[in-house]
Amino acid sequence: MSKKVGLHWFRKDLRIQDNLSLSELASQVDQLVCVYVYQEEEKDQNSISALVNKEIIGKHRRNFINQTLQDLNNTLGALGHRLIVISLESQEPIDVIQDLVKTLNITHLSAEWHCGFNEQSQWQKTADSVSALVPNIKFIQANSSTLFNASKFPFSIENMPSTFSPFRKKVEKYCKVELVNNPLTSIPPMPNLFAFEHSINLDTLTVQSNHYEKLSGGETAAKQQLAHYLWSTDNIGRYKDTRNGLDGWDFSSKFSAWLALGCISPRQIYAELDRYESERIKNESTYWLFFELLWREFFHWHHYVHGLRLFAASGVQQIMRSTNFDPNTFVEWQNGQTGYPIVDACMRQLLHTGFMSNRGRQLVASCFVHELGQDWRYGATYFEYQLIDFDVASNWGNWQYLGGVGADPRGHRQFNLQKQTDIYDPNNEFITQWLN
Ligand code: FAD
């Protein structure tokens with residue numbers, strides 16, 4: 001009987017543990033190949049992105065991705081494998097996958113489910129073209145990127161609540177977080193004599209440490225941060241009081257970047273939180289981390305339901321607000337030169353580190369839309385370029401919300417920048433640090 005050969009296409013699931021598609025594939029094949037398609041993502045010059053920067057991915061996120069790929073390769077190495085990283089030149093990812101399927105006689109193809117419109121359509125197009133080539137190929141797609149699966153919600157996903165609070169209340173009442181998958185301790189071997197002309201040598205990727213030195217890509221660092229934030233420091237037990245901080249490592253969990261690339265799954269965080277609550281302490285703060293993960297959950301399903309509407313000027317509400325765009329104002333905002341000290345400090349922090357606190361993100365977005373009167377989509381696009389933790393659903397969902405066209409029942413909220421400074425930076429320490 002001929003061998004079953006599986007190909008796992010890593011996209012935003014850059015981990016081995018609690019990766020349902022990978023473990024499902026591993027259980028069904030005799031040999032396995034792990035692939036990542038490395039995209040520089042030169043963009044369409046007519047899009048908003050072209051006005052923002054040359055590439056979609058800025059240097060901080062690129063660095064984090066490179067670290068993550070090296071870590072994944074090391075983890076695979078311990079299982080007798082390696083990560084095949086194919087760099088795109090003129091082709092599309094779909095062409096790369098097609099070529100691999102043909103060359104390696106792939107019988108099973110898997111990739112993680114992701115809520116993103118582009119991720120969904122990329123998978124669909126690839127599956128269509130591959131099945132035209134190999135009609136009997138088996139596809140595996142599972143979801144371990146969210147806390148729940150849509151089939152478990154007490155509503156049909158098309159009719160999910162349009163705002164966060166009713167969504168949260170229903171989910172808290174009727175849903176249980178899915179269990180974490182059993183640890184993956186072995187995977188089928190790679191095919192013999194496996195070589196790839198165009199595969200990148202991961203040691204040649206540039207990596208540097210981040211301003212926040214623990215912010216390093218990969219499943220290994222993600223697990224370390226989970227242990228640090230919960231068990232080593234007990235910071236989790238103070239989260240509700242500290243979470244509105246503006247700078248530093250310990251005021252919030254910093255899980256976002258690892259979640260965005262799938263170095264850790266939200267269920268793994270939940271499982272550890274649950275264990276912490278039963279073994280150490282359960283309080284408002286431990287609950288609040290779950291509450292914030294539900295915001296992520298909400299935006300992921302909200303994007304899944306609304307698709308391309310997430311990127312439309314009029315948003316999911318289909319209300320037209322300002323569509324102004326002034327390139328000089330935009331550059332001043334990016335460089336932290338608006339004249340609003342709290343906004344400028346946050347924007348310089350972002351430029352320098354690739355990170356900004358949740359409080360900061362709300363303030364700079366509100367300023368962009370209200371004080372500066374700019375079209376929210378330009379702000380969202382710049383964040384997409386600059387943020388290490390860029391997550392399509394959370395970024396565009398939050399920007400729509402602040403742009404007054406998204407999932408906000410209270411409408412077009414504007415923050416009072418002076419009041420916010422008095423509350424969150426009363427001694428001007430943050431401002432002084434970033435403006436000097
Ligand atoms: P914590 O406070 O420790 O929260 C724990 C986790 O809960 C986060 O890691 C995140 O997964 C989730 N979470 C918390 N707040 C939110 C929120 N408002 N929306 C969705 N999920 C949330 N988050 C991203 O992960 N990627 C983005 O691209 C992104 N863009 C944003 C853009 C704007 C304009 C705003 C206002 C918020 C954005 N957020 C985004 C949400 C939030 O600011 C970050 O998740 C958070 O600051 C990351 O730091 P943390 O992991 O320490 O968060």
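Restricting segment 271-281 to residues that are open to solvent by 30 Å² or more (accessible area, probe 1.4 Å) and touching a helix residue (DSSP H, G or I) at 6+ places or on another chain (Cβ under 8 Å), which is nearest to the ligand (Cβ to nearest atom)?
Once the filter is applied, the top-ranked residue is Glu272.
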Next on the checklist: Test of understanding: among Leu310, Leu273, which residue is touching a His at 6+ places or on another chain (Cβ under 6 Å) and either in the same structural domain as Asn358 (by TED's automatic domain parsing) or touching a residue at least 12 places away in the same chain (Cβ under 8 Å) (or both)?
Outcome noted: Leu310
Next on the checklist: I'd like to check something: does segment 224-244 contain any residue that is out of contact with any Leu (no Cβ under 7 Å at 6 or more places or on another chain) and either within 25 Å of Val85 (Cβ to Cβ) or in the same structural domain as Leu351 (by TED's automatic domain parsing) (or both)?
Outcome noted: yes
Checklist entry - Just one of the numbered conditions (1) open to solvent by 20 Å² or more (accessible area, probe 1.4 Å); (2) more than 9 Å from the ligand (Cβ to nearest atom) is not true of Asp344; which one? => result (1)
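Residues checked against (1) open to solvent by 100 Å² or more (accessible area, probe 1.4 Å); (2) among the acidic types (Asp, Glu); (3) over 21 Å from the mean Cα position of the chain (by Cα):
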{"site": "Lys173", "(1), (2), (3)": "yes, no, yes"}
{"site": "Asn181", "(1), (2), (3)": "no, no, no"}
{"site": "Leu202", "(1), (2), (3)": "no, no, yes"}
{"site": "Asn210", "(1), (2), (3)": "no, no, no"}
Checklist entry - When only residues in segment 347-360 that are closer than 23 Å to Ala393 by Cβ and polar (S, T, N, Q) count, which is farthest from the ligand (Cβ to nearest atom)? => result Thr353
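Select, from Gln268, Gln225, the only residue that is of a type in the set (S, T, N, Q), over 24 Å from Leu350 (Cβ atoms) and either within 9 Å of the ligand (Cβ to nearest atom) or assigned to a helix (DSSP H, G or I) (or both).
Gln268
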Next on the checklist: Could you go through segment 169-184 and let me know if any residue there is farther than 23 Å from Ile269 by Cβ and modelled with pLDDT of 95 or more.
Outcome noted: no
Item to check | Selection count where residues are without any contact (Cβ under 8 Å) to a residue 24 or more places away in the chain and open to solvent by 60 Å² or more (accessible area, probe 1.4 Å), scope segment 155-168 | outcome: 1
Checklist entry - Just a yes or no: is a residue in segment 316-331 part of a helix (DSSP H, G or I), closer than 29 Å to Leu261 by Cβ and in contact with a Lys or Arg (Cβ under 8 Å, 6 or more places away or on another chain)? => result no
Item to check | Total residues in segment 12-42, condition in a loop (DSSP other than H, G, I, E, B), open to solvent by 30 Å² or more (accessible area, probe 1.4 Å) and in contact with a strand residue (DSSP E or B) (Cβ under 9 Å, 6 or more places away or on another chain) | outcome: 5
Checklist entry - So which residues in segment 375-389 are within 8 Å of the ligand (Cβ to nearest atom) and open to solvent by 30 Å² or more (accessible area, probe 1.4 Å), if there are any at all? => result Glu384
Item to check | Unique residue being at negative phi, within 11 Å of the ligand (Cβ to nearest atom), surrounded by fewer than 23 Cβ atoms within 10 Å (Cβ to Cβ) and of a type outside the set (Lys, Arg) when the list is Leu363, Leu293, Leu372 | outcome: Leu293
Next on the checklist: Show me the helices (runs of 4 or more DSSP H) found entirely inside segment 55-140 where at least 3 residues are surrounded by fewer than 19 Cβ atoms within 10 Å (Cβ to Cβ), modelled with pLDDT of 95 or more and of a type in the set (Gly, Ala, Ser).
Outcome noted: 117-133
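The values are calculated or read from the model by the stated rules, or taken from the named source; none is laboratory data. As the structure is a prediction and not an experimental result, all values here were calculated from the model. No Cβ is skipped: glycine too gets one built from the backbone with ideal geometry, and neighbour counts run over all protein chains shown. Note: accessible area is taken over every heavy atom of the protein model, side chains too, but ligands, DNA and RNA are not part of it. Shrake-Rupley method; radii C 1.70, N 1.55, O 1.52, S 1.80 Å.
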